[in-house]
Amino acid sequence: MPRIALVTCAPGPDIAEDRDLPELVRALREAGAEASAEVWDDGGVDWAGFDLVVIRSAWDYSWRAAEFTAWAERCAAVTRLANPAEVVRWNTDKRYLGDLAAAGVPVVDTRYLAPGDAPDLPGDHEYVVKPTSGAGARLAARYAPDERDMAVRHLRHLHAEGFTAMVQPYVRGIDTAGERALQFFGGSLLHASRKGPVLAPGTPYDQRKVAHPGLTDWTPALVEAAVARKALASVPGRPELLYARVDLVDGEDGLPRVMELELVEPNLFLWLHPESVPRVVGEILKATGR
């Protein structure tokens, strides 16, 4: 009977509920595994006692990235961790978009402003400011060109917290075509979803946002699947990934671009796609024997 830990985080006011977790634990147990949900920073957990540790909803990692990465490396030293620690280290910092762009993957245009950099902000189009370590639109906001003063205060806050800031054009295609999330499990497409725009004009950066508004089922076009697979094939070292989510938006040319590549703790939306649960369970069980 394989012992499997599904990694989550302690509940808190800024932590969303993982609707998938209880169902996934139950399904794994019914399939013959000894499965449990474990909090990643619980010092009483013996990670070496598990055959496989699967990161599922450690949704506080983005403001504790160094601590979380260190945990992942310690965990991977004593058992099998999915996804691998080197993937976690690379993917917790959204400067990975630069690596993808260098590999020829179409991504949303992105500039980075580290602490000490001048606040070089667009003056002719809407744009988004957010930290390079973030999830659920935390500390992200959308600005018009005449809102520079607010954007500069936002940058100062991010820099004071030790974050490097990302500056991206606001992709207007989100308002019409939405953002599509293509989920992969065990190396193949599992299902896809579509959500509406997250960042409304005038919403303060420190206000909590609805991370996945209007989520619905989605059938990806061939070009979307091709971009997603190119992104996954461009991860440095081409590691074996148990799970992945590729978030796509349409650029000004109408073609899909990668907004984010989620390889640490992507929400799988199994509550929306219950037919995917048996495949996820099967791939997790298969991974215990690799």
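The values are calculated or read from the model by the stated rules, or taken from the named source; none is laboratory data. Remember, predicted model here, so these are calculated numbers, not experimental data. Neighbour counts are summed over all protein chains in view; Cβ atoms, including those assigned to glycine, are modelled from backbone coordinates with ideal geometry. Just the protein is used for accessible areas: all its heavy atoms, side chains included, with ligands, DNA and RNA removed. Shrake-Rupley method; radii C 1.70, N 1.55, O 1.52, S 1.80 Å.
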Integer Hz, Karplus 6.51/-1.76/1.60 couplings in order for the range 149-164, x for Gly and Pro: 4, 5, 5, 5, 4, 4, 4, 4, 5, 4, 5, 5, 7, x, 8, 7
Rounded to the nearest 5, the percent of antiparallel DSSP beta bridges in the chain equals 70
By how many nm would the segment from Ala221 to Arg208 lengthen if fully extended, with 0.36 nm per residue of separation less the alpha-carbon distance? 1.5 nm
What does the accessible area per residue of the chain come to in Å², with a 1.4 Å probe and no ligands, DNA or RNA counted? 44
Length gained when the stretch Glu86-Arg111 is fully extended (0.36 nm per residue, less Cα-Cα span): 6.6 nm
Scoring the range 79-162 by relative contact order with C-alpha pairs under 8 Å, at least six apart, yields a percentage of 24
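Of all accessible surface on the chain at a 1.4 Å probe, what whole percent is carbon and sulfur?
On the way: 6620 of 12630 Å².
On the chain, the fraction of accessible area on carbon and sulfur atoms equals 52 percent.
Within the range 249-290, list the GluC sites (Glu not before Pro) lying in a DSSP loop whose Cβ has at most 12 other Cβ atoms in a 10 Å radius. Kindly include the intermediate steps, with their values, before the conclusion.
Details: sites: Glu252, Glu260, Glu262, Glu275, Glu283; in loops: Glu252.
Hits after loop and neighbour filter: Glu252.
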What percentages, rounded to whole numbers, describe P(r) for the range 160-290 computed over all alpha carbon pairs with 10 Å bin width beginning at zero? 11, 38, 34, 15, 2, 0
Entry for semi-axes √(5λ) of the Cα gyration tensor in Å (calculated from the structure that is shown) out of (i) 31, 28, 16; (ii) 32, 21, 17; (iii) 27, 23, 17: (ii)
Measure nothing fancy, just the Cα-based angle from helix 277-287's long axis to the longest principal axis of the chain, in degrees from 0 to 90, nearest 10. 70
Taking the Cα-to-Cβ direction at Ile15 and at Ala70 and moving 7 Å from each Cα, how far apart do the two end points lie in nm? 1.9
Between the range 103-153 and the range 235-290, what is the separation of their alpha carbon centroids in Å? 25
Amide H proximity to Leu190 below 5 Å, modelled H, separation 5+ or other chain, gives Gln183, Phe184, Phe185
So what are the ³J(HN,Hα) numbers for the range 46-51, from phi and the Karplus equation (6.51, -1.76, 1.60; θ = phi - 60°), rounded to whole Hz, Gly and Pro as x? 8, 5, 5, x, 9, 6
Between 0 and 90°, nearest 10: helix 65-76 axis offset from the chain longest Cα axis: 20
Here the range 198-211 yields Karplus 3J(HN,Hα) values (6.51, -1.76, 1.60; θ = phi - 60°; whole Hz; Gly and Pro given as x) of 9, 9, 7, x, x, 6, x, 5, 8, 8, 5, 10, 7, 5
Surrounding charge for Ser36, neighbours by C-beta under 10 angstrom, Lys/Arg +1, Asp/Glu -1, total 0
Helix 21-30: angle to the longest alpha-carbon principal axis of the chain, degrees 0 to 90, nearest 10? 20
Sort out for me the Cα centre separation of the range 4-28 from the range 155-215, rounded to whole Å. 21
